[in-house]
Amino acid sequence: MSIHSPFFRALLPVQAALLLMSCGGGGGDTPATTPTTSTGSWTIPSRLVVDGGPGKDGIPSIDAPVFEPASANTDTRADMLVVGIRYNGETKAYPHDILNYHEIVNDGLTGAPFSLHYCPLTGSAMAWLGDAGATDPSFGVSGLLYESNLILYDRQTDSHWSQMLEESVEGARVGDVPDQIQVIETTMSTWRSMYPDSQFLTRDTGHVREYDVSPYGNYNTHDLLLFHVSSEDNRLHIKERVIGIRSETDSKAYQIAGFGATTQAINDQFNDQPIVAVGNSSANIAAIYSRELGDGTILTFGPLDGQLPNIMQDNEGNVWDVFGTAVSGARTGTTLAKTNSYTAMWFAWTSFNDTTALHFN
């Protein structure tokens with residue numbers, strides 16, 4: 001893509017320069033011919049695997065993350081989106097202003113490894129468990145993209161992984177699917193109000209970056225893309241944030257803005273799976289869980305408004321939080337099964353899922 005394109009003209013000069021350094025916008029849709037030392041066959045169309053520009057590890061992952069209590073953080077704006085997890089007895093949040101520059105945070109490497117990753121070009125965040133038995137269970141940024149989305153590589157085998165396909169697409173691990181950790185994306189202000197004692201990723205990353213300035217300028221709202229994608233769906237603005245659920249053949253998406261200013265809990269069916277999509281647009285928060293418990297019980301949920309992190313109550317009277325865990329009632333301590341769901345920009349969701357049903361129009 002040329003710096004004379006309409007997209008770059010829409011950016012402030014300093015933002016355009018930062019963007020070129022960060023994601024290789026000048027590299028455009030350059031096919032990836034010999035991007036790494038890997039030589040295996042791709043399970044995705046190799047012609048659609050493109051070079052993002054910075055090269056392998058040109059966007060440096062954070063491998064020694066430093067945290068502080070969320071209540072002590074003064075760097076992150078109240079409206080900045082953060083990605084939160086609850087894992088191994090800890091609750092942590094990772095802000096977009098840091099993830100924009102690093103994309104991958106390898107955490108817990110000394111005991112319970114996992115990698116949290118965020119693709120700024122598609123607005124998708126996930127967390128995958130690492131292999132505790134591996135010599136190096138971490139992931140890095142390959143510098144490659146598929147449908148404008150992050151391709152990771154694992155440092156143990158150098159295999160490539162498509163983030164939004166959630167599987168290895170080239171190398172020794174091809175076809176492997178990672179074990180996932182539930183993530184919750186919301187604003188800094190909402191997260192801090194829910195979990196003031198959680199740990200928060202700091203800017204002590206070992207790298208010097210202008211974290212207060214987004215390297216992507218107004219990309220999140222602009223109607224142009226940096227990289228070509230293979231399909232287009234004009235039912236929503238291309239950068240609209242949706243949360244979706246997918247299978248090998250079908251998918252369904254819900255506009256996060258469509259949940260409204262008060263919490264909604266939508267008891268739905270996806271294929272043969274009973275699910276609940278719960279969210280609140282004013283809190284900028286949404287999640288999708290299975291309604292079927294391990295004992296076969298299928299619950300029906302109603303919303304709880306103004307009680308975050310508790311977000312819904314079921315027909316048995318149990319109260320559930322945003323991570324899908326019952327916090328009161330006979331089911332206390334039970335966690336709803338995670339679904340194959342995540343948040344992404346509309347264009348990205350439909351590029352990966354071309355048979356998407358849209359709940360909100």
Quiz item: If one takes the longest principal axis of the Cα atoms in the chain, at what angle in degrees, from 0 to 90 and to the nearest 10, does the Cα axis of helix 13-23 lie?
Solution: 80
Exercise. Using only Cα atoms, locate the centre of the stretch 163-205 and the centre of the stretch 332-356, then give the distance between them in Å, rounded to an integer.
Key: 13
Self-check item: Charge sum, other residues only, whose C-beta stays under 15 Å from residue 343's C-beta, Lys/Arg counted +1 and Asp/Glu -1
Solution: +2
Exercise. For the chain, set up a Gaussian network in which alpha carbons nearer than 10 Å are linked by springs, and say which option among 343, 186, 43 fluctuates the most.
Key: 43
Practice problem: For volume of the Cα convex hull per residue in Å³, several values are listed as (i) 135; (ii) 331; (iii) 407; flag the one computed from this structure. | Solution: (i)
Quiz item: So what are the ³J(HN,Hα) numbers for the stretch 204-215, from phi and the Karplus equation (6.51, -1.76, 1.60; θ = phi - 60°), rounded to whole Hz, Gly and Pro as x?
Solution: 7, 9, x, 10, 9, 9, 8, 4, 6, 10, 5, x
Quiz item: Summing Lys, Arg as +1 and Asp, Glu as -1, what charge do residues with Cβ under 12 Å from the Cβ of residue 44 carry, residue 44 excluded?
Solution: -2
Practice problem: Per DSSP H run of n ≥ 4, the term is -39500 (n - 2.57); total these for the chain, divide by its residue number, and report the mean residue ellipticity at 222 nm rounded to 500 deg cm²/dmol. | Solution: -2500 deg cm²/dmol
Quiz item: So, counting K/R as plus one and D/E as minus one, what does the shell of residues with Cβ under 9 Å around residue 143 add up to?
Solution: -1
Quiz prompt | Inter-probe distance in nm under a simple model that places probes 7 Å from Cα toward Cβ, at residue 110 and residue 46 | solution = 4.2
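None of the figures in this text is laboratory data; all of them are computed from the coordinates on show. None of the values given here were measured: they were computed from a predicted structure. Note that we place each Cβ from the backbone using ideal geometry, even for glycine, and neighbour counts take in every protein chain shown.
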